[in-house]
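The values are calculated or read from the model by the stated rules, or taken from the named source; none is laboratory data. Treat the numbers as computed from the prediction; the structure is a model and nothing was measured. Here Cβ is always computed from backbone atoms with ideal geometry, including for glycine, and neighbour counts include all displayed protein chains. Only protein heavy atoms, including side chains, enter the accessible area calculation; ligands, DNA and RNA are left aside. Shrake-Rupley method; radii C 1.70, N 1.55, O 1.52, S 1.80 Å.
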Amino acid sequence: MFETPHQASRQPFLRRIETVALFTLSDAERAALVALPMQVAQFEPNQDIVREGDRPTRSFTLLSGIACTYKSTLAGKRQVMTYHVPGDVPDFQSLYLEVLDINIATVSACRLGFVSHDAVRGLMRAHPRLTEVFWRATLIDAALVREWMLNTGRRDAYARMAHLFCELVTRLGAVGLAPDRTCELPMTQPELADALGITSVHVNRTIRDLKSAGLITLRDRRLTVHDWPGLQAAAGFDPAYLHLRDAETR
């Protein structure tokens, strides 16, 4: 069931674009983004949005909720490659790659805004500077994947978990969804295990250790960071790979 979005519902997407852009959007560019013909749909938790092998004719932005990109082995073992937060355009590569080689699924209930590839191409032809923004966003997505490879391959479980929490709080904060470093964390322990490459038992133990250290509270799927410098130190977290810019200060 599709609905027609109003401007307020697009705010995470617009804020993300403004945060990624290396320039201040003109009135015309912002108006063009607001005017994109977007169909908004509600998805339930744990529902595939696109699947490996699909040939999409549209891309989507996440308007609310948390989603993930994942791949699975033939035996059905899943590896989450990254999480997506409101404002992200997780499948933008489908504009140029005919066949998807990834799966993207909801983690929580999500509202998604779908835009046809033809409309995206028209936007970029009419406003060439926005092509730079989308290209930069795609490069940032690649930087996230590189950091996740390092996280799962070389950090211990305690640092992996701390790093994931630092990243999510930083990314959600960039779109105004982590006030006072508190945010929704809808992932179950098995889902976190799929992201971190450890067992659910190890996830439980690691979360307990982070709580005992006074770094975080995690209750009713809501994460609060109590000691931000301490959590960053535990993770070895440097947000430079996120390439975020504060649109409000430019």
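Considering segment 109-194, the qualifying helices (runs of 4 or more DSSP H), each wholly inside and each with 2 or more residues that are under 28 Å from Arg78 (Cβ atoms) and open to solvent by less than 20 Å² (accessible area, probe 1.4 Å), run over 128-154, 157-174. Please determine whether any residue of segment 206-227 is surrounded by 15 or more Cβ atoms within 10 Å (Cβ to Cβ), farther than 26 Å from Ile104 by Cβ and in contact (Cβ under 8 Å) with a residue 60 or more places away in the chain. Among the residues of segment 206-227, at least one is surrounded by 15 or more Cβ atoms within 10 Å (Cβ to Cβ), farther than 26 Å from Ile104 by Cβ and in contact (Cβ under 8 Å) with a residue 60 or more places away in the chain, which makes the answer yes.
Applying the condition of being aromatic (Phe, Trp, Tyr) and closer than 22 Å to Arg136 by Cα to segment 7-50 and asking which residue is least open to solvent (accessible area, probe 1.4 Å) yields Phe13. Only one of Ser72, Ser26, Ser64 is at pLDDT 95 or above, under 26 Å from Leu242 (Cβ atoms) and under 20 Å from the mean Cα position of the chain (by Cα). Can you tell me which? Result: Ser64 is the single residue among Ser72, Ser26, Ser64 that is at pLDDT 95 or above, under 26 Å from Leu242 (Cβ atoms) and under 20 Å from the mean Cα position of the chain (by Cα).
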